[in-house]
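One structure is given below, encoded as structure tokens.
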Amino acid sequence: QVQPVESGGGLVQPGGSLRLSCAASGSTFSTYPMAWYRQAPGKPRELVAGITSGGQTNYADSVKGRFTISRDNAKNTVYLQMNSLKPEDTAVYYCNAVVTGRGYWGQGTQVTVSS
């Protein structure tokens, strides 16, 4: 059983930064593709950024150049560095781990961008 646990959300002003963390259990964490999704009120969940076991990354167009996904396999953790935050980035952010073809979700962390 893999249980991702997110942390690092909060309230930030427009233009500010936050770093989200996601810790996932499992001795083979380094083999998991990992991703961050987000869901704003009234909208479907959307992919924000993903990272493969080999470190390749992909991003939604809306966050390219502002967000960076990374992983530390020694700590079983994936990060999402979010810079130049905008009000439209407000959402619950979820971590997803893919293990043997099955996706595991964390409970989410709220990010609110507001002045």
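The values are calculated or read from the model by the stated rules, or taken from the named source; none is laboratory data. Just so it is clear, the model here is predicted, and its values are computed rather than measured. Cβ atoms come from the backbone with ideal geometry, glycine included; neighbour counts cover every protein chain shown. Ligands, DNA and RNA are stripped out before the accessible areas are found, and what is left, the full protein with its side chains, is counted by its heavy atoms. Shrake-Rupley method; radii C 1.70, N 1.55, O 1.52, S 1.80 Å.
Overview of values
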| quantity | calculated |
| --- | --- |
| Long-range neighbours under 9 Å by Cβ, at least six apart or interchain, first residue closer than 30 Å to PRO14 by Cα within the stretch 97-115, second of a type in the set (A, V, I, L, M) and open to solvent by 100 Å² or more (accessible area, probe 1.4 Å) | GLN110/LEU11; VAL111/LEU11; THR112/LEU11; VAL113/LEU11; SER114/LEU11 |
| Answer residue from the stretch 62-73, given it is under 17 Å from LYS86 (Cα atoms) and of a type in the set (Lys, Arg) and is least open to solvent (accessible area, probe 1.4 Å) among those | ARG66 |
| From the options PRO87, PRO33, PRO41, residue that is in contact with a strand residue (DSSP E or B) (Cβ under 9 Å, 6 or more places away or on another chain) and farther than 25 Å from VAL12 by Cα | PRO33 |
| Residue in the stretch 76-96 that is acidic (Asp, Glu) and open to solvent by less than 40 Å² (accessible area, probe 1.4 Å) present | yes |
| Scan of the stretch 89-115 for residues that are small (Gly, Ala, Ser) and assigned to a strand (DSSP E or B), ordered by number | ALA91, ALA97, GLY103 |
